[in-house]
Every structure is written in C-alpha cells, then in structure tokens.
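Novice: Below is a structure I'd like to ask you about.
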Amino acid sequence: MRVVLLGPPGAGKGTQAKIISKVLSVPHISTGDIFMKNIREETELGIKAKEYIHKGLLVPDEVTIGLVENRLEEEDAGEGYLLDGFPRTLSQGEALLKHLESSHKMLDAVVFLDVPHEELLLRMEGRRVCSSCGASYHLTFNPPREMEVCDLCSGHLIIRKDDTEEAVKERLRVYESETKPLVHFFELKGLLRRVDGTKEIDEVTEDVLEALQIKV
Ligand code: ADP
Ligand code: AMP
C-alpha cells in the first residue's frame, strides 16, 4: 500500500506512522527524520537543511523532491510505503503523483490528521524526541516509562530545536500557506481520508486503519 500521512506540525503523524507502517508492513519514510539524522551526522544535506529547519521554514523543494524520489526507488519501498511529512507543498504533491505515474503505480490514500491549532501548541510544547531513533513522546499525553529515556532504544530524550515558541509559530504559518492547500488538492483527486486527530493515540490508530479499510 502507498499512503501519505498529511497534517499540521504536531498532529501526530510520526506517532501514528511508526504504528501504522508496522501494521501495513511497509517502510515509514519521514522527510523530517531524514533531515534530522543528517543534521545529527553533520552531512552536507544536514548543514543545508538546518538553516531552514531551525527557523521553522521548509527545506526548498529542489532539495526535498529529489531526496524523496531517490528514497522511493530503494528496494524496500517497492511494494509500498507510508510517507510522513511529504508532500508539504503543492509542487511536492504534483512531483509525487508524476513520479508514481512514470512508474505505473498509484497512491492508495492520503490520510489527513485533523487537529486544531490550540491542541497543536500543547502537543509541541510537551514533545520530547529520542536523539537516537527519533521516537516521539509527550510529557503529559504520551510519557516515556522512564524520564528522559526512550522506551524503544534507551536513547536520550531531547527537545527538538524547532519546538521553540518562535519556530512553532513560523511552522504553523508555513503550514497554513504552503501545506494546507494539499488537503483540497488530494480531495479533488478522490484520495483524501479525514481522521479526527484529537482522540487518544490508540483511537486515532483505529480510525486511520478504518479509513484505509484495514482489518486487524
Ligand atoms: P508530527 O509528526 O505530526 O509533528 P508527533 O507524532 O511528533 O507529530 O506528535 C506531536 C506530539 O503530540 C508528541 O509529543 C506526541 O507524543 C503527541 N501526540 C501524538 N498523538 C497524540 C494524541 N493522539 N493525543 C495526544 N498527544 C499526541
Ligand atoms: P517534521 O519532523 O515532519 O515536523 O519535519 C521537521 C522539519 O523538516 C520541518 O519543519 C521542515 O523544516 C523540514 N521538512 C520535513 N519534511 C519536509 C518537506 N516535505 N519539505 C520541506 N521541508 C520539510
């Protein structure tokens, strides 16, 4: 299955993608995680991406589109994938559909996680991420078993550099102008499935699976 998880920053895309990709047995491809890993490893891509990410801006399409196209050509993505955080602009959406068309493949669905602004602020304020595997936690809504330690890999939990008040404000502004138009774009293509992202994590998972018509 080829699925896109769409939604504002902090909606729970990464949290859900980690669970759903296992159920679907497809790789979880997160552009955010790819950029963050490159920043940690101080690669050329990481150094370039950091300039934008820490200010709450999008990494330019010229960088992002090629990166994803190459990733989708890797062997593990042959039978499907769950895209998290891509596309984020109309150009990226068009490029994805063009890429699929050129390889005679189809997108199965775009799941839109709908979460209002005030809730997004609370979620990003309390978010902690694993500096090693990228898993996402929340101090109140989804705390780790042990303070500051990742349940999955025992990595150290940190605050994302772009979860500062200023960067969050900018990311929400950028979401409204650059990413939100994709909701209508995919709706017109008949691919959009809306899911209420304000429920508990388990309930959102159930609703996403139902939207994808997956029975577990
Ligand atoms: P995104 O990948 O869309 O930016 P994350 O998956 O990192 O979002 O989630 C943002 C924050 O909200 C994290 O701290 C996460 O633990 C928390 N979170 C995710 N889903 C829910 C939910 N359904 N209810 C409450 N908190 C959630
Ligand atoms: P995320 O973890 O999905 O919130 O992504 C973290 C940051 O990486 C975003 O705020 C952007 O700066 C950058 N990023 C992730 N995905 C994309 C994308 N598809 N296009 C441009 N920038 C992106």
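Each value in this text was obtained by applying a stated rule to the coordinates, not by laboratory testing. All figures in this text were calculated on a predicted structure; none of them were measured in a lab. Cβ placement follows ideal geometry from the backbone for every residue including glycine, while neighbour counts extend to all protein chains displayed.
Novice: Among His184, His138, His117, which one moves the most in a GNM of the chain with springs linking Cα atoms closer than 10 Å?
Specialist: Sorting by GNM fluctuation, first place goes to His184.
Novice: Something else: From the square roots a ≥ b ≥ c of the eigenvalues of the alpha-carbon gyration tensor of the range 58-128, which class results: rounded (a/c under 1.5), prolate (a/b over b/c), or oblate?
Specialist: On the way: a/c = 2.12, a/b = 1.89, b/c = 1.12.
Prolate is the answer for the range 58-128, as a/c is 1.5 or above and a/b outweighs b/c.
Novice: What shape does the range 123-163 have by the C-alpha gyration tensor, where a ≥ b ≥ c are the square roots of the eigenvalues, rounded means a/c under 1.5, and otherwise prolate means a/b greater than b/c and oblate the rest? Don't skip to the end; give the middle numbers.
Specialist: On the way: a/c = 2.14, a/b = 1.22, b/c = 1.76.
The shape class here is oblate.
Novice: Treating each Cα of the range 162-216 as an identical point scatterer and ignoring solvent, apply the Debye formula and state log10 I(q)/I(0) at q = 0.16, 0.19, 0.25 Å⁻¹.
Specialist: -0.71, -0.87, -0.96
Novice: While we're looking at this one, here's another question. For the range 115-216, what's the radius of gyration and Dmax over Cα atoms, in angstrom?
Specialist: Computed over the Cα atoms of the range 115-216, radius of gyration and Dmax are 15.9, 45 Å.
Novice: While we're on this one: For the range 131-216, with the dipole built from +1 on Lys and Arg beta-carbon atoms and -1 on Asp and Glu ones, taken about the Cα centre, which of Pro143, Val174, Ser131 lies farthest toward the positive end?
Specialist: Of Pro143, Val174, Ser131, it is Val174.
Novice: Most mobile of Ser103, Ser177, Ser25 per a Gaussian network model of the chain (Cα springs, under 10 Å)?
Specialist: Per the Cα network of the chain with a 10 Å cutoff, Ser103 tops the list.
Novice: Now, a different point. For all pairs of alpha-carbon atoms in the chain, what percent lies in each bin of width 5 Å, listed from the first bin to the last filled one?
Specialist: Percent of Cα pairs in each bin: 1, 7, 15, 20, 22, 19, 12, 4, 1, 0.
Novice: Could I ask something else about it? What size of dipole, in debye to the nearest 20, comes out for the range 113-189 about its Cα centre when the only charges are +1 on Lys and Arg C-beta atoms and -1 on Asp and Glu C-beta atoms? Mind dumping the intermediate values first?
Specialist: Details: 11 positive and 15 negative charges, 39 e Å.
Result for the range 113-189 is approximately 180 debye, rounded to the nearest 20.
Novice: Here is a follow-up. How far is the Cα center of the range 11-66 from the Cα center of the range 164-216, in Å?
Specialist: So the two Cα centres are separated by 17 Å.
Novice: How large is the dipole of the chain about the Cα centre if only Lys and Arg carry +1 and Asp and Glu carry -1, each at its Cβ, rounded to the nearest 20 debye? All intermediate terms of the calculation are to be shown ahead of the outcome.
Specialist: On the way: 28 positive and 39 negative charges, 16 e Å.
Here the size comes out at about 80 debye.
Novice: What is the Cα coordinate range of the range 4-89 on the first, second and third principal axes, sorted by size from largest, in whole angstrom?
Specialist: Sorted largest first, the three principal extents are 35, 28, 24 Å.
Novice: Pick from Leu97, Leu192, Leu157: which is most flexible by mean-square fluctuation in a GNM of the chain where alpha carbon atoms under 10 Å apart are linked?
Specialist: Leu97
Novice: For the pairs Lys50/Lys169; Lys22/Lys189; Lys37/Lys98; Lys22/Lys55; Lys37/Lys199; Lys13/Lys180, flag any whose C-alpha to C-alpha distance is greater than 21 Å. Let's see the in-between values first.
Specialist: On the way: Lys50/Lys169 17 Å; Lys22/Lys189 27 Å; Lys37/Lys98 27 Å; Lys22/Lys55 32 Å; Lys37/Lys199 30 Å; Lys13/Lys180 15 Å.
Check vs 21 Å cut-off fails for Lys22/Lys189; Lys37/Lys98; Lys22/Lys55; Lys37/Lys199.
Novice: Then there is this: Starting from the Cα of Val216, move 7 Å in the Cα-to-Cβ direction to define the label point; list residues of the range 46-85 whose amide nitrogen is under 16 Å from there.
Specialist: Residues 82 qualify, since their backbone N sits under 16 Å from the label point.
Novice: Divide by every residue of the chain the summed helix terms, -39500 (n - 2.57) for each DSSP H run of at least 4, and state the resulting mean residue ellipticity at 222 nm, rounded to the nearest 500 deg cm²/dmol.
Specialist: On the way: 9 runs with 95 residues, N = 216.
Helices in the chain give a 222 nm mean residue ellipticity of -13000 deg cm²/dmol.
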